[in-house]
1. What tally of residues in segment 80-123 results from selecting those that are over 14 Å from Ala54 (Cα atoms), buried (at least 20 other Cβ atoms within 10 Å of the Cβ) and small (Gly, Ala, Ser)?
2. Is there any pair with a first residue in segment 81-99 that is in a loop (DSSP other than H, G, I, E, B) and a second that is among the basic types (Lys, Arg) and buried (at least 21 other Cβ atoms within 10 Å of the Cβ) whose Cβ atoms are under 9 Å apart and which are 6 or more apart or on different chains, and what are they?
3. Looking at segment 104-120 only, could you name the residues that are in a helix (DSSP H, G or I) and touching a helix residue (DSSP H, G or I) at 6+ places or on another chain (Cβ under 7 Å)?
4. I want to confirm something. Restricting to segment 124-138 and keeping residues that are crowded, with 20+ Cβ neighbours inside 10 Å and under 14 Å from Val89 (Cα atoms), which single residue is modelled with the highest pLDDT?
5. Can you tell me which residue is surrounded by the fewest Cβ atoms within 10 Å (Cβ to Cβ) among those in segment 60-79 that are aliphatic (A, V, I, L, M) and over 14 Å from Met105 (Cβ atoms)?
6. So, in segment 1-34, how many residues would count as being in contact (Cβ under 8 Å) with a residue 24 or more places away in the chain and either at positive phi or touching a Cys at 6+ places or on another chain (Cβ under 6 Å) (or both)?
7. Return the pair list, or none, for Cβ contacts closer than 6 Å from residues in segment 139-151 that are assigned to a helix (DSSP H, G or I) to residues that are surrounded by fewer than 17 Cβ atoms within 10 Å (Cβ to Cβ) and modelled with pLDDT under 95, at least 6 apart or on different chains.
8. Read through the list (1) in contact with a helix residue (DSSP H, G or I) (Cβ under 7 Å, 6 or more places away or on another chain); (2) surrounded by 22 or more Cβ atoms within 10 Å (Cβ to Cβ); (3) under 19 Å from Cys43 (Cβ atoms), then give the number of the only condition that Ala145 fails.
Amino acid sequence: MTRLTVNDRPVEFAMDPRTPLLWALRDAANLTGTKYGCGVGDCGACTVMVDGAALRSCLITLAECEGRFVVTIEGLSHDRSHPVQQAMVAEQAIQCGFCTPGIVMSAAALLAHNASPSEAEIKAAIPNLCRCGVYARLVGAVQRAAAVARREDTISAAPAPGIAPEDAARAVPALKR
């Protein structure tokens, strides 16, 4: 059995140690926020944090995770209050939502190690693919999340112009799909 900590909980996986972490999380732990995209580490939809680093869970095996700490989108915050999650919604940097968990995890890992990243650092740390093209708003969302984390800004609960309050309220749960 492979033992690791997932979202602050000790977990034992009775699976082949060569199983990609992605499938252990999705199939055995029922943490389906981590998405299968390409299976070869190119798209970033499966990004999770392992010991604080953003890693593609389709490329790392259970054996490589033995004794390590894994955080998925479900464990980033229990109430979707992480500054990256809130800024992504506030800056309208979410479209279909499929790539969003991986992008959020990449951004959260970046901000955990760099409280004030430049635009170039953000682009380098978040190479995730997004078919909907949120890239134009993504840098602004990460910069805003960084400012909130540094307590230099706040994210208003008010929806962005043109978004009905009930639609804005539904947008936040979409982060976990």
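The values are calculated or read from the model by the stated rules, or taken from the named source; none is laboratory data. Given the structure is predicted, the values throughout are model-derived calculations rather than measurements. Cβ sites come from the backbone with ideal geometry, for glycine too, and all protein chains shown count toward neighbours.
1. Residues in segment 80-123 being over 14 Å from Ala54 (Cα atoms), buried (at least 20 other Cβ atoms within 10 Å of the Cβ) and small (Gly, Ala, Ser): 3 in total.
2. Glu91/Arg144; Phe98/Lys35; Cys99/Lys35
3. The answer is Val104, Met105, Ser106, Ala107, Ala108, Leu110, Leu111, Glu119.
4. Leu138
5. By that ranking, first place goes to Ala63.
6. Here the count works out to 7.
7. Taking only residues 6 or more apart or on different chains, the pairs are Ala147/Asp153.
8. (3)
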